[in-house]
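What follows is one structure encoded as structure tokens, with my remarks underneath.
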Amino acid sequence: MSDVLAGVDPGDLSVPALVWAADEAARRHARLRLVAAVPPVHDRLPYAAVGHLSALRMRAEATLSNAEDVVRRLHGGLRTATELVHGLPTAVLLERTPGAVLAVVGSRRLGRAAEIFSEGSVAVPLAARAECPVVVIREPEHTAVRPPLIVVGVDGSGDCRAAVAFAMAEASLRGARLKAVWVWPRPLLSAGDENEGLAERRLLLAEAVAGCAVHHPDVEVEDVVVRGHPVEKLTRASAEALAVVVGRRGRGGHTGMRLGSTVHGLLHHAECPVVTVPLPAVAGTDGTSPRADRSRPRTDRPAPTG
């Protein structure tokens, strides 16, 4: 059974994240799996820790119950499952991402260092290591824009191909148009023919999108190549979007490095939900190795979108 996984924070229920997850589960005819984790207690004496842990569990149970009530009011016939687990939230959610359609969490708006190193951080570690797409709800989606819009960051790499495939499918599911944005950073020193470089990137962008567009002919696609900083340009595009979708780097390296600077920036600045999409486990969306990166220009390579 396919699940949309929703992380429920016992201390601060993110209603926007819960609503987003419930709506997405209903659209996909999937089960909504609500998971709350009660973290271990390290900062108290043993006799005090037992009482504190019991209080945390009671609060988590109440929060899960409230979350179920919200979901029932939104989608009475939606299949749901709830779990209350003892453990670190990130580890608990990561264990449940294999096979999930996607995972949805709210943003605690921590600073960058706290997001990476804090025990209470969930969004960045989950987005960096999950085996399914992860949706971080920092700001609400823009539903008043008509027709609705999904934005995907493209840089021609294998990382972005899975993101394009997800964004295209999501746009089809939502009846939305898709804006594929390739941000070409400005070099410190100008070199080569800029018009030639622009034309090359437009061609590569069209190629990156075309393979997925074949499977979703109902989606109106706009290809855009712009010069500037990826975070700034994608944040500007997010101001009217239901979501901005970006690819994630490979599994190796430090958690923060797996995401890349663009994703980190979007998690802090995007004006709509941010979706990070991992590389497929076996093959890329175009049938190549997930490590393949054959479509980048040879020089003046753009900053990665994931």
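Data table
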| quantity | calculated |
| --- | --- |
| Failed item, numbered, when SER172 is tested on (1) assigned to a helix (DSSP H, G or I); (2) crowded, with 24+ Cβ neighbours inside 10 Å | (2) |
| The listed residue being more than 14 Å from the chain's Cα centre (by Cα) and either modelled with pLDDT of 90 or more or assigned by TED's automatic domain parsing to the domain that holds ARG161 (or both), out of VAL219, VAL275, VAL282, VAL246 | VAL219 |
| Long-range neighbours under 8 Å by Cβ, at least six apart or interchain, first residue in a helix (DSSP H, G or I) within the range 202-222, second among the acidic types (Asp, Glu) and at pLDDT below 90 | GLY211/ASP286 |
| Neighbours by Cβ (under 8 Å, 6+ apart or cross-chain): first from the range 261-273, under 18 Å from GLU170 (Cβ atoms); second in a helix (DSSP H, G or I) and aliphatic (A, V, I, L, M) | VAL263/ALA127; LEU266/VAL231; LEU266/LEU234; ALA270/LEU234 |
| Test: residue in the range 137-145 that is among the β-branched types (Val, Ile, Thr), closer than 27 Å to THR90 by Cβ and crowded, with 23+ Cβ neighbours inside 10 Å | yes |
| Matching entry among LEU173, LEU102, LEU149, LEU110 (being within 18 Å of ALA270 (Cα to Cα), modelled with pLDDT of 90 or more and of a type in the set (A, V, I, L, M)) | LEU149 |
| Checking THR97 against (1) among the polar types (S, T, N, Q); (2) in a loop (DSSP other than H, G, I, E, B); (3) loosely packed, with under 14 Cβ neighbours inside 10 Å, the condition it does not meet | (3) |
| Test: residue in the range 184-193 that is at pLDDT 90 or above and surrounded by 21 or more Cβ atoms within 10 Å (Cβ to Cβ) | no |
| Residue list for the range 231-251, restricted to those being surrounded by 23 or more Cβ atoms within 10 Å (Cβ to Cβ), assigned to a helix (DSSP H, G or I) and touching an Asp or Glu at 6+ places or on another chain (Cβ under 8 Å) | SER238 |
| Qualifying residues in the range 63-82 (those that are touching a residue at least 24 places away in the same chain (Cβ under 8 Å) and assigned to a helix (DSSP H, G or I)) - the one surrounded by the most Cβ atoms within 10 Å (Cβ to Cβ) | ALA67 |
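The values are calculated or read from the model by the stated rules, or taken from the named source; none is laboratory data. Remember, it's a predicted structure, so these values are computed and weren't measured experimentally. When we count neighbours, we look across all protein chains shown, and the Cβ atoms used for this are built from the backbone with ideal geometry, even at glycine.
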